[in-house]
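The values are calculated or read from the model by the stated rules, or taken from the named source; none is laboratory data. Just so it is clear, the model here is predicted, and its values are computed rather than measured. Backbone-built Cβ (ideal geometry, glycine too); neighbour counts: all protein chains shown. Please note that ligands, DNA and RNA were not included when accessible areas were found on the heavy atoms of the full protein model with its side chains. Shrake-Rupley method; radii C 1.70, N 1.55, O 1.52, S 1.80 Å.
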Amino acid sequence: MSRKSFIAMIIVFALFTSMHSGCGGSSSSTSYSTNGDTVTSNDQSGNTTSGDQSGTPPTSNDQPGTPPTSNDQSGDDNNSDNSNTNSNTSGGLTFSPDSYTTGTVSGVSYRAYTNITYVASPVNESYQRMSIFIPETYISGGTINGYTASTAPIFMPNSVGGYMAGQISSPNASNSAGQALAKGYVVVSPALRGRNVSNGTAPACIVDYKAAVRYLKANKSNLPAGDTSKIISSGTSAGGAISALLGATGNSSDYDTWLDAIGAADATDDIFASMCYCPITNLDNADGAYEWTFGGSSTASTTLASQFIAYVNGLGLGYTLNSDGSGTFADYLESTGITLSTYGATRDKTQIPAFDRLDLSSAENNEFGDKHFTDYGYSNNTATTNGMADSAIIKAMNPMNYIGTADTAKYWRIRHGTEDRDTSIAIPALLALKLENSGCTVDFEPAQGERHGGDYDLDELFDWIDSICK
Ligand code: DHB
């Protein structure tokens, strides 16, 4: 091969790679009342809709530092909220536009396509289903907030909390689903498996979220409204972590075996944008970040803090830490509006390590099938059994491994409360820095005065969505 054609080949390869990875990759009836909003069944499938489910993920405000615990540890999947059988997709994964109910929220009429099973071979059908809500205005060719049926963004929040299963949220006047409809977005609310339901431990939550996206994209031309190239995920805490994973890992082949096993639709799963409230993410480095931020002088604390310092320095993001914990990364956090001396003065998670607990008792250990997910935890195990989670699963649960190499979403909004100590703010900050470093457009800010929670700034969230979609 000549030198010229070799160089041309390299250029073509580089162009191909830049197109396919990094940010912006590929880019008669019953009526009942819910919070004063009317829902009318017009369903031609013979099914009923599920009742109202709050869109607010559980938060741990009442018990600082403690993830929400499951009220269903039985493994029993009878989930009354998601219990209706769906016939929208009977016989396959084809969306049927004729099977819907109708409702009204805050004066906005919508069609509800409820409880659609989004995979062909579900392993937990109570959770592998979703509902799609479409403003009625689009059906008759109208516009809302400057959007039409073909340009309306698809807002796709999850309701995962504590790494437990997320349920479908129906729109109401106070939740993000209801308010998003009024902004003219199509709302998709997926249920996702979690650690408290059968077949629900890692990586089930992200595999299901991806499968739901694939279903939408496979049905692009069957949906009455919604632009499948403008899917925006959102979530809080563990749900924020899953939102980050969905945004970071678009089309990564790492998930193919799991997606194939549940019969996910044959389509891509990259998304346009991701909203992450206080994401409990980067679990392999969260213990070190916690000790670097909130730690004391014990050997365990200082060992983990030094591991974090080495991790930050190895990321190559242009921000570093000295062995005493000071450095440009600390300065960067201060520049965003965090006062580290005040913020770091109190810890909410009392155990060391905070996440990969030595006795395997954390929500995260449970998410990994009652196993460790760090070498530190495994080497210092105090539980009667000791096991390390599969390395492919640990990798697949950390968005940091995929940013810039998968078809990562182009747009990100990340918020972490200044009073939130469920994970160190260093974790979402590193997520933001790595995304920026890979060419993504990131809006990251500490939320002044907020504790561990999300959806406290929906007006600003929707302004941000409009700014990137219009
Ligand atoms: C959540 C909170 C935590 O402190 C945690 O460790 C995991 C999850 C949550 O609220 O989802």
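In table form, for the structure just shown:
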| item | result |
| --- | --- |
| Per-region count, the range 425-470, residues in a helix (DSSP H, G or I) and within 16 Å of the ligand (Cβ to nearest atom) | 4 |
| In the range 228-260, the residues that are more than 16 Å from the ligand (Cβ to nearest atom) and either outside any helix (DSSP H, G or I) or small (G, A, S) (or both) | T228, S229, K230, I231, I232, G247, A248, T249, G250, N251, S252, S253 |
| Where a residue in the range 334-345 is farther than 15 Å from D422 by Cα and its partner, wherever it lies, is acidic (D, E) and open to solvent by 70 Å² or more (accessible area, probe 1.4 Å), with Cβ under 9 Å and at least six apart | T336/E445; G337/E445; L340/E334 |
| Test: residue in the range 333-348 that is assigned to a helix (DSSP H, G or I), more than 22 Å from I393 (Cβ to Cβ), open to solvent by 10 Å² or more (accessible area, probe 1.4 Å) and among the acidic types (D, E) | yes |
| Positions within the range 136-165 being farther than 25 Å from T236 by Cα and not β-branched (V, I, T), in sequence order | E136, Y138, S140, G141, G142, N145, G146, Y147, A149, S150 |
| Cross-chain or 6+ apart pairs with Cβ under 8 Å, the range 366-394 first and assigned to a loop (DSSP other than H, G, I, E, B), then open to solvent by 90 Å² or more (accessible area, probe 1.4 Å) and modelled with pLDDT under 95 | none |
| Matching residues in the range 364-388 - criterion: being within 22 Å of A165 (Cα to Cα) and buried (at least 22 other Cβ atoms within 10 Å of the Cβ) | E364, N365, N366, E367, F368, K371, H372, F373 |
| From the options G404, G387, G439, G377, residue that is modelled with pLDDT under 95 and either farther than 25 Å from W292 by Cα or not assigned by TED's automatic domain parsing to the domain that holds A248 (or both) | G404 |
| Every residue from the range 215-227 that is open to solvent by 10 Å² or more (accessible area, probe 1.4 Å) and part of a loop (DSSP other than H, G, I, E, B) | K220, S221, N222, L223, P224, G226, D227 |
